[in-house]
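Notes follow once the structure below has been shown.
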Amino acid sequence: LSSTEDLHFLTAAEAGRRFRDGSLAPPTLVDALVERTRRLDPLLRSTITLAAEAASEAASSAEAAFARGEWMGPLHGIPIGVKDCIATAGLRTTANSHLLSDWVPGEDAPAVAALRQSGAIVFAKLNLNEFAWSIPSEDDLKAPPRNPWRPASYSMGSSSGSAVAVASGLCVAALGTDAGGSVRQPAANCGVVGLKPTHGLVASTGAFAPPSICEVGPIGRSVEDVAMLLDALAGGASVNVGEVAAPRRRQGRARIGVPRWHIEAAAPDREISAAFEQALEAFGGLGVDVIDVEVEGLADAAAADFVVLNAEAFAAHERTLRARGGEYGRSARAYHLQGAFLSAADYIAAREVGDAVRGRLDRLFSDVDALATPVAPFLTSEAARASKAHPSTGGVAVFTAPFNLTGHPALAVPCGMSAAGLPIGLQLVGRAGGEAELLRLAGPYEQASPWHTMHPADATLAIG
Amino acid sequence: VKDLSRATLRQLANERGLMLDEDDLVRLEPMVPDLLAVADGLRERAAQWRATERLDPDRRRPGGGLSR
């Protein structure tokens, strides 16, 4: 890499290594990303607030620290974007809502504080569906992000800005939130890696999110980057990053279970099915056993997550909906009102369905190391959007939402490209607290496949 | 999917003290019946599983008991 222009697709791991060998300084990287964001984001619309000045100051501080021989860890000096429903001290946090257009939190959310403590630089606040629970809508505070692979389409959401910014080379990595697939679906749709951690592993307070099913999760350009971010978010206790980059030899062959009946019942797009089968073959080539399994109730768990999400979203917003309902976007207002029509019995039944399916999955994970599914049954955000109003069909979250309700960790990794040039994602689901195993399984697959090396062309972004 | 007329939806909203305008009703008219149908199905499923499986109370916590 020789020119400034080449810096924007560095992974966090690569940038960190260059900081340490002295071939790159944090201010140079931040300046390059600021310039790129100002040039491309008017089209992409991934960023609500660019913290250019604060990021430059933090980058200069990091450079000075390196000169003194101080190093806070692999994220020191790395510019990170944060979904704008996650509070950032001293930096506007809007949740992409007119209700919060001028809100500047006094404190960081714990996840953001953890990243800052690891030396990361908060570079930008990133676009989302209003309050992370709605559909992309032009009447939100900021219009929806466009998919850099096909700017005529929106990105899937709700952490759409986070995935778009990482895929487009505007941020090195980002934080999103995921209550039904909102990290994994946009990551897959934009060709990057996204993780929904085990429920409770990463603090999700300080974010606008349904509390019992939503996780703050990292989005990055590689499995290694996601592992690095998770390590910081979880206080360093979760993942040995070195083992992800250079996986240890497992005792015995790893085993992936495929819930074949659930996948076929959801009838994914045929290009998604083909890419998924190729990914399974690739795992076979890596010495992983792939077997069909049956998990009764996955579709029920997806539906139950939808009920819990609606009930908790209404509960969180009820007072504001009654007092200032006219200040929500029209779509967001309707989405947040739905939960008013549910009963306590509905909510309890949904939780019981989650309990039962969680137990089945826990038993299954004594026999397999991970489950594999596609991330979404649809290729485009338009198809995903149409499905959201009809959850009885399973919708776009049919593969992702079950694991929000059960709390298991789930990772989205690029696994293909459609004929029209839209990325396709593979989901790997692991045992509760099993992020390290999941990332160790995904790392070799990523390195053996070409998808993580592909980036949307600037020419596409210029043409729009 | 449950059959739910706009008038019924308006009545349900009024019972909950929600002040919905026509735009709200137009948007919610296809969404709420589908959501309620999903919820009905889950109540049946939960009742069925409650009768045939013992749900471990220790797992009645988000995250399956994982905490930190």
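The values are calculated or read from the model by the stated rules, or taken from the named source; none is laboratory data. Bear in mind that the values here come from a model prediction, so they are computed numbers and not experimental data. For neighbour counting, all protein chains shown are included, and Cβ atoms are generated from backbone atoms with ideal geometry for every residue, glycine included. In case anyone asks, the SASA skips ligands and DNA or RNA and just uses the protein heavy atoms, side chains included. Shrake-Rupley method; radii C 1.70, N 1.55, O 1.52, S 1.80 Å.
Would you say A:R385 is open to solvent by 10 Å² or more (accessible area, probe 1.4 Å), in contact with a strand residue (DSSP E or B) (Cβ under 9 Å, 6 or more places away or on another chain) and assigned to a helix (DSSP H, G or I)? Walk me through how you get there before you give the answer.
On the way: open to solvent by 10 Å² or more (accessible area, probe 1.4 Å): yes; in contact with a strand residue (DSSP E or B) (Cβ under 9 Å, 6 or more places away or on another chain): yes; assigned to a helix (DSSP H, G or I): yes.
Criteria met by A:R385.
Going through the range A:179-204 one residue at a time, which ones are closer than 17 Å to A:E435 by Cβ, within 14 Å of chain B (Cβ to nearest Cβ) and buried (at least 24 other Cβ atoms within 10 Å of the Cβ)? Quick ask: steps written out before the conclusion?
Step one: of the range A:179-204, the residues closer than 17 Å to A:E435 by Cβ are A:183-184, A:187, A:193-204.
Okay, now just the ones that are also within 14 Å of chain B (Cβ to nearest Cβ), so A:196-204.
Scanning the range A:179-204 gives A:K196, A:P197, A:T198, A:H199, A:L201, A:V202, A:S204.
Go through (1) surrounded by fewer than 21 Cβ atoms within 10 Å (Cβ to Cβ); (2) more than 10 Å from every other protein chain (Cβ to nearest Cβ) and name the single condition A:L298 misses.
Failing condition for A:L298: (1).
Which pairs turn up if I take residues in the range B:4-15 that are facing another protein chain (nearest Cβ under 10 Å) and look for partners that are surrounded by 12 or more Cβ atoms within 10 Å (Cβ to Cβ) with beta carbon separation below 7 Å, at least 6 apart in sequence or on another chain?
From the range B:4-15, the pairs are B:L4/B:V32; B:L4/B:P33; B:L9/B:L25; B:L9/B:L28; B:L9/B:E29; B:L9/B:V32; B:L12/A:F341; B:A13/B:L20.
Please go through the range A:104-141 and pick out each residue that is charged (D, E, K, R) and in a loop (DSSP other than H, G, I, E, B).
At the first step, the residues of the range A:104-141 found to be charged (D, E, K, R) are A:107-108, A:116, A:125, A:130, A:138-140.
Result: A:E107, A:D108, A:E138, A:D139, A:D140.
Name every residue in the range B:1-31 that is open to solvent by 40 Å² or more (accessible area, probe 1.4 Å), in a helix (DSSP H, G or I) and not hydrophobic (A, V, I, L, M, F, W, C), in order of residue number.
B:R6, B:T8, B:R10, B:Q11, B:N14, B:E15, B:E22, B:D23, B:R27, B:E29, B:P30
For the range A:336-373, which positions are assigned to a helix (DSSP H, G or I), in contact with a Gly (Cβ under 6 Å, 6 or more places away or on another chain) and more than 8 Å from chain B (Cβ to nearest Cβ)?
Of everything in the range A:336-373, just one residue is assigned to a helix (DSSP H, G or I), in contact with a Gly (Cβ under 6 Å, 6 or more places away or on another chain) and more than 8 Å from chain B (Cβ to nearest Cβ), namely A:V357.
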